[in-house]
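What follows is one structure encoded as structure tokens, with my remarks underneath.
The values are calculated or read from the model by the stated rules, or taken from the named source; none is laboratory data. Just so it is clear, the model here is predicted, and its values are computed rather than measured. Cβ coordinates were reconstructed from backbone atoms using ideal geometry, including for glycine residues, and neighbour counts include every protein chain displayed. Heads up: the accessible areas ignore ligands, DNA and RNA and are worked out on the full protein's heavy atoms, side chains in. Shrake-Rupley method; radii C 1.70, N 1.55, O 1.52, S 1.80 Å.
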Amino acid sequence: MRYWIGVVSASHVQRGVQGGFAQLCHGKSAPLRRMQPGDWLVYYSPRTEMGGGEPLQAFTAIGRVADDRVYEYAMSAAFVPFRRNIEYVPCREARIVDLLDRLCITRGKRNWGYPFRTGHFEIDREDFLTIAEAMHADFG
């Protein structure tokens, strides 16, 4: 089992949660293919809207990769991104500023946001559990 961060605006995260899917890195398939069924995905939202909106800097959703399927979804004739089915769990937003000193990926790093610029990266189990606890994730 592996643990991943996906970086997506909060409004787009909400669309994914409502639809039960993940879409990463402007619709690319590679990040979705790196994940396996049973892996966990935590969304980090730097802003409320893509390309603008208000600064947010919070973890906004958490879910488990549901199956092996990576598929295309036509949002318009010109934009056909890849998606992956995710089983989201109930949770609350958690601001990253409250976790900076507790996460291995950010602790003691002045430029803590650098890894988030990639749009998708793996984290260790300890960081995942710290984030999930801060989000009050309900694993049932």
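What to note about this one:
- Applying the criterion of being open to solvent by 30 Å² or more (accessible area, probe 1.4 Å) and either touching a residue at least 40 places away in the same chain (Cβ under 8 Å) or hydroxyl-bearing (Ser, Thr, Tyr) (or both) to the residues of the stretch 86-104, the residue that is nearest to Val8 (Cα to Cα) is Glu93.
- Filter result for the condition that a residue is hydrophobic (A, V, I, L, M, F, W, C) and more than 13 Å from the chain's Cα centre (by Cα), over Met50, Met35: Met50
- Pick from the stretch 32-43, criterion outside any strand (DSSP E or B) and touching a Phe, Trp or Tyr at 6+ places or on another chain (Cβ under 8 Å), ranking: most open to solvent (accessible area, probe 1.4 Å): Arg34
- Every pair of residues 6+ apart whose Cβ atoms lie under 6 Å, when the first sits in the stretch 31-43 and is among the hydroxyl-bearing types (Ser, Thr, Tyr) while the second is open to solvent by less than 20 Å² (accessible area, probe 1.4 Å) and assigned to a strand (DSSP E or B): Tyr43/Gly6; Tyr43/Thr60; Tyr43/Ala61
- Residue in the stretch 111-131 that is farther than 19 Å from Trp4 by Cβ, exposed (fewer than 13 other Cβ atoms within 10 Å of the Cβ) and over 12 Å from the mean Cα position of the chain (by Cα) present: yes
- Only listed residue being under 28 Å from Glu133 (Cβ atoms), in a strand (DSSP E or B), of a type outside the set (Lys, Arg) and without any contact (Cβ under 8 Å) to a residue 24 or more places away in the chain, chosen from Pro55, Pro46: Pro55
- Complete set of residues in the stretch 58-74 that are open to solvent by 30 Å² or more (accessible area, probe 1.4 Å) and within 12 Å of the chain's Cα centre (by Cα): Arg64
- Out of Gln57, Gln23, Gln36, sole residue that is on the phi > 0 side of the Ramachandran plot and among the polar types (S, T, N, Q): Gln57
- Restricting attention to the stretch 79-125 and to residues that are of a type in the set (S, T, N, Q) and in a loop (DSSP other than H, G, I, E, B), the residue that is farthest from Phe139 (Cα to Cα) turns out to be Asn111.
- Of all residues making up the stretch 126-140, the number that are touching a residue at least 24 places away in the same chain (Cβ under 8 Å), under 28 Å from Ala30 (Cα atoms) and assigned to a helix (DSSP H, G or I): 5
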